[in-house]
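Data first, discussion second: the structure below is written as structure tokens.
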């Protein structure tokens, strides 16, 4: 890396990091060439193709909640910074980074009220530091569904799909529509079946315990409103106006600030138009 504040180079390296975190069958244009195919049987225990997506960090786990939040943020960045990304020839790489996640999330949502939220055994995985290409640790798949819900996981995944549908609007309209359908279904699932996902997937508790689900529902509604301009999502947001209050953090477990920012944008538009 060159000396000085070269933010264009930092952007490129950030996107290369995501390529280094890829799971599954890698594409021919993979730029991080020291990585190879890995976890090609993920989901075979439940007869669902759960290959792809991103490993969480320095481990070989796939955790749905932080992966979905990362996807939402990538999509938001691509929407708000599209001209800057194009100026640095990175717009296609950002879209590819988003799609690597959303292809996985689509597969993880095989029917309206089922969503797979974890692949791998976190305890066994963290006890064995191994390249993903060589791992031999168990790869169990865990889901939420009507009887074992997780509105936080479903809500964040809905937000990711809705935000990504906007990002893909000018690139692939059919794929954008598919993402929006999944987002709508997941939001309805989350609304109808409240609760935190670690109650249904207890194996995630040592790693990504959720503090609540209300913020994810508002975050998802805000993104769905932006993607569709449908009044039903604005009505939902207005119904819970004031929820969350002032916050000091915006992160994978607290999205109130993100929802507030999105809705402030709507308020400014209405006021000035």
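No lab work stands behind these numbers, since they all come straight from the coordinates. Given the structure is predicted, the values throughout are model-derived calculations rather than measurements. Here Cβ is always computed from backbone atoms with ideal geometry, including for glycine, and neighbour counts include all displayed protein chains.
For the reader, a short list of remarks on this structure follows.
- Solvent-free Debye scattering, log10 I(q)/I(0), computed from the Cα coordinates of the stretch 117-273 at q = 0.10, 0.13, 0.17, 0.19 Å⁻¹: -0.42, -0.68, -1.02, -1.17
- The stretch 195-273 shape via C-alpha gyration tensor axes, a/c threshold 1.5: prolate
- Centroid-to-centroid separation of the stretch 27-80 and the stretch 195-273 [C-alpha atoms, Å]: 23
- Multiplying the residue separation of residue 199 and residue 41 by 0.36 nm and removing their Cα-Cα distance gives an extension gain of 54.2 nm.
- Extension gain from residue 33 to residue 192, taking 0.36 nm per residue of separation minus the Cα-Cα distance: 52.8 nm
- Label corresponding to Rg and Dmax of the Cα atoms in Å when calculated from the structure given, among [x] 18.4, 59; [y] 19.4, 59; [z] 21.1, 65: [x]
- Spin-label model, residue 14 to residue 171: label points 7 Å out along the Cα-to-beta-carbon direction sit 1.6 nm apart.
- Counting only Cα atoms, the size of the stretch 1-147 along its three principal axes is 49, 34, 26 Å, in decreasing order.
- Available extension along the chain between residue 231 and residue 86 is 49.0 nm, counting 0.36 nm per residue and deducting the alpha carbon span.
- Residue 130-residue 251 FRET efficiency (beta carbon distance; Förster radius 22 Å; 0.05 resolution): 0.15
- Separation of the residue 209 and residue 7 label points, Cα + 7 Å toward Cβ, nm: 3.8
- Per-peptide average of other Cβ atoms within 10 Å, ordering 81-92, 252-263 highest first: 252-263, 81-92
- Remark on the stretch 13-92: Rg and Dmax equal 14.1, 44 Å (Cα only).
- Sequence of 226, 143, 181 once ranked by neighbouring C-beta atoms within 10 Å, starting from the fewest: 181, 226, 143
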